[in-house]
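FYI, it's all coordinate maths here, none of it is from the lab. Everything numeric in this text was worked out from a predicted model, so none of it was measured. When we count neighbours, we look across all protein chains shown, and the Cβ atoms used for this are built from the backbone with ideal geometry, even at glycine.
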Amino acid sequence: MNMRPDPTFHATAQLAMQAPVENYGFTVMLSPDGKKSDGIAVVDLNPDSKTYGKIVHKVVVPNKGDEFHHFGWNACSSALSPLTGHAFVERRYLIVPGIRSSRIYIIDVKNPLKAKIHKTIEPEELFAKTGYSRPHTIHCGPEGIYVSTLGGGGEDGTDGPPGIFIMDCETFEIIGRYEMDRGKQDKHYDFWWNLPQDYMVSSEWGLPPQFENGIVPEDLLSNKYGHSIHFWDLRRRKNIQTIDFGKNYQMALEIRPAHDPSKSYGFCGVVVDTNNLQGAIFTWWRDKNGKWKSKKTITIDPVPADPDDLPDLLKGFGAVPPLVTDIDLSLDDKYLYVACWGLGEMHQYDVTDPMKPVLAGKVELGGIVAHHKHPNGKDFAFGPQMVEVSRDGKRVYWTNSLYSTWDDQFYPDDEGGQMVMARVGDDGGFELDKKFYVNFPKGYRSHQIRLEGGDCSTDSFCYPNV
Amino acid sequence: MPLDDTSLTALWWAVIFSGIYHGINPGMGWPLAVSAGLMERKHLALPKALGMLAAGHLLAMLAILLPFSVITTLLIWETGLRIGAGLIVIAMGVYLLINRKHPKFLARVHPTRLALWSFLAAMAHGAGLMLVPIYLGICAVDGGEVGHLAASSLMSGNIINALFVALVHTLAMTLAGGVIATIIYFWLGLKFLSKTWFNLDAIWALSLILVGIFGIYSAHAGH
């Protein structure tokens, strides 16, 4: 317990952008076949350090087969909420769930070079207290840490719908389910909110049998993955509106609200439009009457390809779909980064006008057919996937793996884990940094990145920019 | 008696100081006034929010003080009551000192329902209890002067005292919180929001214990 608020908590997104830059990154190390234990790699991000761009410490867990994916902080700028009057928790622990095992590790990173496991929550406890399984997205908010799950109860996670549960942000005890009235929500993926405006938005991937053993092509072609987003009255815990993008918009994944809480809009990425294989971004907003609306504001076209160059899954289509698998919004709400994991591209859109995004930059790296090399001459396995932007918006980091079994279907010949970084120009545009290329230890792939002191998909700000 | 005049003045100053003390504590709501001004993008929202916070705080003070004002009249054994009240206040302080977890239900209140939030925050932190020994002290001094009056007029005197104590305290609190909120809103900016924010939890709990001890001591001393 501190006497003053943690110096990494900021009242506004603007103040967070002016804060000192990150010295360390924390990145998932994933053993795709479960032969090794998963872990968190601590990467040195200080360009003045001798070990810049190297993995300087690893926290490897004792179990195997957890499948690390997303993770997050125990506390963030949301602690400065005027409603709590109690901003004295520390940003110190990473909450790291295994989406295959449903086990949750609490990792103490107070000293990044000596990061260690602080507590382990066994799957049985999660099942007993929530009836949910396969924990995924972490956000720190009112009453504690919110965790979304991808599965309900039972062996295959289909006994009841998945949802969100709440954990205590100091003792890490699981408190229980969040929802009081979930309405139409029966699948889950990501969620985020606007704390002063008191709304939450959640999205849908698919149920565990639709992803755990690989993508199910029949389900995709019959539009059985998620294609809706849900708006919630955050404190009344009630689903107030569901927007269906349309059945063909398969897999509505990342939710990125504007960071300035006086704005009432945000974005959601859709992996694939089954009508034409396009990737899509929807902008969602609240109109004057309080109704939520959405509109497709970005489309990315598939690229025709020789079936011989395509994996079995895509041979029949004769094209590479972009596969929009992750998006991230800079803290000034200006640039939206869009990972096109299939094409092997990272796009940067100027979303100053959220209804009219303009492509401002593009980096090519990896790809199912393109196989773009890194400017340092090395290969990049798979394509750009989990993307994280530095608080000041000047550095964009990303890794390459989507999900163990899906990597193997879309990229049957690739293997390995890489983390790279691109520098953003003063007037937009971005380029890969030749010197920054982290190759993960053999047998590991990489996934989500968290930056020391917070990043662009962690902190929720409670006061508007001035 | 001059002695009683002095202690009465001191007690009223204690009411004012406790108000200032509650006002500067961010846990009693001044950050909400800053946030309201910024979210609604109009200056008027700030005093409006302060007004709602004050209303909630005033209600919370009265909810604690009024029952005591009734009991003081009905119970003859006044010293015992004041010692009992002091013990309750000490117990609340000890509880807050041991249980350092923040009352989470406060985060469940909708951000625009400021009066309700302020009422609940004051109740949860024992803000009203902190006033009880001071209030009972004031009643004792007053009661001493009007020792032979009928119970009914004594009670109405006590109720008026309770109203005044709550009003003066809330006014001081709103002014103190309002000054901080206004300075941050108009001049210093939000960077100072986190800089001026100190963890008062332990000091707050100790204050309750201290006020409780004072209550018991002054009951014994006969004031």
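Check cross-link reach from A:K263 to the lysines: straight Cα distance under 25 Å, and skip same-chain residues fewer than eight apart.
A:K238, A:K288, A:K291, A:K293, A:K295, A:K296, A:K334, A:K356, A:K394, B:K42, B:K48, B:K191
So if we plug the beta-carbon distance of B:A91 and B:H43 into 1/(1 + (r/R0)^6) with R0 = 60 Å, what FRET efficiency do we get, rounded to 0.05?
0.90
Putting +1 on Lys and Arg Cβ atoms and -1 on Asp and Glu Cβ atoms, find which of B:L96, B:T79, B:T112 reaches farthest to the positive end of the dipole of region B:2-221.
B:T112
Would you compute, from DSSP H runs of 4+ residues alone, the mean residue ellipticity of chain A at 222 nm, taking -39500 (n - 2.57) per run and dividing by the full residue count, rounded to the nearest 500?
-1500 deg cm²/dmol
With the crude spin-label approximation of a point 7 Å out along Cα→Cβ, what separation in nm comes out for A:V60 versus A:K362?
My value for the distance between the label points is 4.1 nm.
Net charge near A:D306, counting Lys/Arg +1 and Asp/Glu -1 over other residues with Cβ under 15 Å of its Cβ?
It works out to a net charge of -2.
Would you mind pulling out the separation of the Cα centroids of region A:295-331 and region A:13-82, in Å?
Each part's Cα centre sits 28 Å from the other's.
Any idea what the relative contact order of region B:2-221 is, in percent, if you count C-alpha pairs under 8 Å spaced at least 6 apart?
Result for region B:2-221 is 43 percent.
Could you give the semi-axes, largest first, of the ellipsoid that matches region B:1-143, computed as the square roots of 5 times the alpha carbon gyration tensor eigenvalues and rounded to whole Å?
Equivalent ellipsoid of region B:1-143: 32, 18, 13 Å, largest first.
Straight-line reach from A:K58: which lysines fall under 19 Å, measuring Cα to Cα and dropping same-chain residues less than 8 apart?
Straight-line reach from A:K58, under 19 Å: A:K35, A:K36, A:K50, A:K110, A:K114, A:K116, A:K119, A:K442.
Please give me the summed charge of the neighbours of A:D66: other residues whose Cβ is under 10 Å from its Cβ, Lys and Arg +1, Asp and Glu -1.
Here the charged neighbours net out to +1.
Can you find, among B:L129, B:S218, B:V141, the residue farthest towards the positive end of the dipole of chain B? Put +1 on the C-beta of Lys and Arg, -1 on that of Asp and Glu.
Result: B:L129.
Using Cβ contacts closer than 10 Å as the measure, can you line up A:D159, A:D426, A:D44 from fewest to most?
The most exposed by this proxy come first: A:D426, A:D159, A:D44.
Please list the equivalent ellipsoid semi-axes of chain A, computed as the square roots of five times the alpha-carbon gyration tensor eigenvalues, in descending order and whole angstrom.
Over the Cα atoms of chain A, the ellipsoid semi-axes are 29, 26, 24 Å.
Tell me, B:W13, A:W341, A:W398 in order of fewest to most beta-carbon neighbours within 10 Å? Show your work: numbers first, answer last.
Working: B:W13 11, A:W341 30, A:W398 27.
Fewest-to-most ranking of B:W13, A:W341, A:W398: B:W13, A:W398, A:W341.
Only four residue types carry charge here, +1 at the Cβ of Lys and Arg and -1 at the Cβ of Asp and Glu. Report the dipole size of chain B about the Cα centre in Debye, rounded to the nearest 20.
1200
Counting helices only, and only those DSSP H runs with n ≥ 4, report the 222 nm mean residue ellipticity of chain B as the sum of -39,500 (n - 2.57) divided by its residues, in deg cm²/dmol to the nearest 500. Kindly include the intermediate steps, with their values, before the conclusion.
Numbers: 9 runs with 169 residues, N = 223.
The per-residue figure over chain B is -26000 deg cm²/dmol.
So if each residue of separation counts as 0.36 nm, and I subtract the Cα-Cα distance between B:S156 and B:F192, what length gain in nm does that give?
Gain on stretching B:S156 to B:F192: 8.4 nm.
Rounded to the nearest 20 debye, what is the charge dipole size of region A:295-428 about its Cα centre when +1 sits on each Lys and Arg Cβ and -1 on each Asp and Glu Cβ?
Using only the charged Cβ atoms, the result is roughly 440 debye.
In nm, what is the difference between 0.36 nm times the number of residues separating A:D156 and A:K373 and their Cα-Cα distance?
My answer for the length gained is 74.2 nm.
Normalised radius of gyration for region A:229-329, please: alpha carbon Rg relative to 2.2 N^0.38 Å, two decimal places.
Numbers: Rg = 16.3 Å, N = 101, 2.2 N^0.38 = 12.7 Å.
Relative to the 2.2 N^0.38 Å estimate, region A:229-329 comes out at 1.28.
Using a 10 Å cut-off around each Cβ, can you sort A:V389, B:V179 from fewest to most neighbouring Cβ atoms?
Ordered from fewest to most neighbouring Cβ atoms within 10 Å, A:V389, B:V179 come out as B:V179, A:V389.
Taking the Cα centre as origin and putting +1 on Lys and Arg beta-carbons and -1 on Asp and Glu beta-carbons, what dipole magnitude results for the protein assembly as shown, to the nearest 20 debye?
The calculated dipole for the protein assembly as shown is roughly 1280 debye.
With a 10 Å cut-off between alpha carbons and a GNM built on chain B, which of B:F119, B:F186, B:F17 moves the most?
Between B:F119, B:F186, B:F17, it is B:F186 that shows the largest mean-square fluctuation.
For B:F105 paired with A:K315, estimate the spin-label separation in nm (one decimal), with each label point 7 Å from Cα along the Cα-to-Cβ line.
Once both label points are built, they end up 6.4 nm from each other.
With a point put 7 Å past each Cα toward its Cβ, work out how far A:Y52 is from A:N248 in nm, to one decimal.
Taking the two extended label points, one gets 4.8 nm.
Between region A:362-401 and region A:410-466, how far is it from one alpha carbon centroid to the other, in angstrom?
8
Quick one, can you get me the convex hull of the C-alpha atoms of region A:344-430 expressed as volume per residue in Å³?
114
From Cα pairs below 8 angstrom and at least 6 apart in sequence, can you work out the relative contact order of chain A, rounded to a whole percent? Please report the intermediate quantities before stating the final value.
Details: 1356 pairs, mean separation 65.3, N = 466.
Worked out over chain A, it gives 14 percent.
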